[in-house]
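The values are calculated or read from the model by the stated rules, or taken from the named source; none is laboratory data. A quick note: this is a predicted structure, and the numbers were derived from the prediction, not measured. For neighbour counting, all protein chains shown are included, and Cβ atoms are generated from backbone atoms with ideal geometry for every residue, glycine included. Protein only, heavy atoms only, side chains kept; ligands, DNA and RNA dropped before computing areas. Shrake-Rupley method; radii C 1.70, N 1.55, O 1.52, S 1.80 Å.
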Amino acid sequence: SCKGAQAFDGLRRGMLASPFRLRKKEDVERVLRRGRSVYGDFITLRTLPNAIGNSRATVVAGLKVHKKATKRNAIKRRVREVLRHHWGAIKPGCDVAILVKSEALKASFQDIEKDVGIACRRAGILKG
């Protein structure tokens, strides 16, 4: 379970604020390698506690999702928007990587939102 003190809800101008983004390649790879996995219909959620105090997140959509970058980027934007809406409910102190499955391309925003919520609950990263 992730611990720490989050500065604010992480929202800034329609996107996740910079301190809450998992950006360095080595950090993302560490979460993908050693993180605890929870599987949903449209995503795989990997979580790993960090020592920073803030939670950080990234969304990954590989070539298996779709060969066209525009399609991969579009689904990543949708998943990031779901994450942004629910960021205030995520416990501080954990790194989160969301791996998008190809089934997410055909899913509605509400279906993705429900899947992310269920995966977060199962992973134990929600407050309360």
*Among the candidates D115, D95, D111, residue that is more than 17 Å from L16 (Cβ to Cβ) and within 12 Å of the chain's Cα centre (by Cα)*: D115
*Using the structure shown, decide if T58 is under 9 Å from the mean Cα position of the chain (by Cα) and of a type in the set (S, T, Y).*
yes
*Count - residues of segment 108-128 that are in a loop (DSSP other than H, G, I, E, B) and either open to solvent by 20 Å² or more (accessible area, probe 1.4 Å) or under 11 Å from I43 (Cα atoms) (or both)*: 4
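Would you be able to say whether some residue in segment 83-101 is among the aromatic types (F, W, Y) and at pLDDT 95 or above?
The answer is no, given that none of the residues of segment 83-101 is among the aromatic types (F, W, Y) and at pLDDT 95 or above.
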*Starting from residues that are without any contact (Cβ under 8 Å) to a residue 12 or more places away in the chain and part of a strand (DSSP E or B), keep the ones in segment 11-61 and report whichever is most open to solvent (accessible area, probe 1.4 Å).*
R12
